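Worksheet: the structure to be examined is printed underneath.
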Amino acid sequence: MTAEVGTELPELVVRVTRADLVRYAGASGDFNPIHWNERVAREVGLPGVIAHGMLTMALAARAVTDWTGDPAALLDYQVRFGRPVVVPDDDRGAELTVRGTVAALLDDGRVRVDLTVTSEGEKVLSLARAVVRPG
Amino acid sequence: MALDRALVGRSYPPSAVYEVGRAKIAEFAAAVGATDPVHHDVEAARAAGHGDVIAPPTFAIVVSLEAAFVVLTDDEVGLDYSRVVHGEQKFAHHRPIRAGDRLVATTTIDAARTVAGNDLLTARVELATAEGEPVCTATSMLVARGAA
């Protein structure tokens, strides 16, 4: 694993279906109905059921942990939830694409990775950054 | 209603102890597609130098978000819960969360401001073991969208 400023992480593409949202709701304890109930989602002005922002954040982290090969190497991680990921009621769901670039070499061997997370060509997270200590 | 800047620095009593279980970590890891065996195989976790299976990086939210919500039930904060969305999230891990941890969450309001009619409130949740070892600082920015 090389880490120089500009090093690009392998791109990660993941699909998120309604079933994934139900599974994440149970695992996380976040049962907000906008993540599983189309009627409620539309009532609050959303185009449809949306993914939990925290699920998107967790999936994006995989691009980093797949690269380091060590989940414990991820020290700091932050995102801003920019745009909701609408998950259609079909078997394909929504597609997320995660790209990462080494943005800075920090002291103590740590590295800052900046992430770009898109769905349907639109950025869904902004200011998505991870600080890792590669092994 | 504009947020009162005097709220900044307000701290809440520590939460009840949350006991981190192996099955909960494995369930969470499966839900986010984190397939590394350190999340579900104790032997693999120990071989990697951990005392037990470790949680994926965002697992802390399971404990911290509920703790952060203590501010939403504070009448003096006065955020309209029905309009609250999650704006930003940040984790600073002091060490990985692992099975067997007995975590206590302590919440502090780090920032409170009103921008363009939206109330922005930043709640910092310090997760530590019941013995006082720091584990993770989880910071959530909550946004109450303006009624207009």
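No value in this document is a laboratory result; all are computed from the given coordinates. Only a predicted model underlies this, so the values are computations on that prediction, with no experimental measurement involved. Methodologically, a virtual Cβ is constructed for each residue, glycine included, from the backbone with ideal geometry; neighbour enumeration extends over all protein chains shown.
Overview of values
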{"item": "C-alpha long axis of helix A:18-28 to longest principal axis of chain A, angle in °", "result": "70"}
{"item": "Principal-axis tilt of helix B:22-31 within chain B, Cα atoms, nearest 10 degrees", "result": "70"}
{"item": "Estimated D of chain B in µm² per second, where Rh is the Kirkwood radius over Cα pairs and Stokes-Einstein applies at 37 °C, 0.692 mPa s", "result": "202"}
{"item": "Over the range B:7-79: Rg over Rh, Cα atoms, Kirkwood Rh", "result": "1.14"}
{"item": "Partner chain coverage, peptide B:38-48 - average Cβ within 10 angstrom", "result": "1"}
{"item": "Trypsin sites (Lys or Arg not before Pro) restricted to DSSP loop in the range A:41-93 with at most 12 other C-beta within 10 Å", "result": "A:Arg92"}
{"item": "Degrees between helix A:53-68 axis and first principal axis of chain A (Cα, 0 to 90, nearest 10)", "result": "30"}
{"item": "Equivalent ellipsoid semi-axes, the range B:80-148, via Cα gyration tensor eigenvalues times 5, rooted, Å", "result": "30, 10, 10"}
{"item": "DSSP-assigned coil residues among GluC sites (Glu not before Pro) in the range B:42-148, each with at most 13 further Cβ atoms within 10 Å", "result": "B:Glu76, B:Glu131"}
{"item": "Ellipsoid semi-axes in whole angstrom, largest first, where each is sqrt(5λ) of the Cα gyration tensor of chain A", "result": "30, 14, 12"}
{"item": "Shape of the range A:82-135, Cα gyration tensor, a/c cut at 1.5", "result": "prolate"}
{"item": "Per principal axis, descending, Cα span of the range A:48-126 in whole Å", "result": "46, 21, 17"}
{"item": "Chain B: calculated mean residue ellipticity at 222 nm from DSSP helix runs of at least 4, using -39500 (n - 2.57)", "result": "-4500 deg cm²/dmol"}
{"item": "Distance between the range A:31-91 and the range B:74-148 - C-alpha centres, whole angstrom", "result": "18"}
{"item": "Cα-based Rg / Dmax (Å) for the protein assembly as shown", "result": "18.5, 56"}
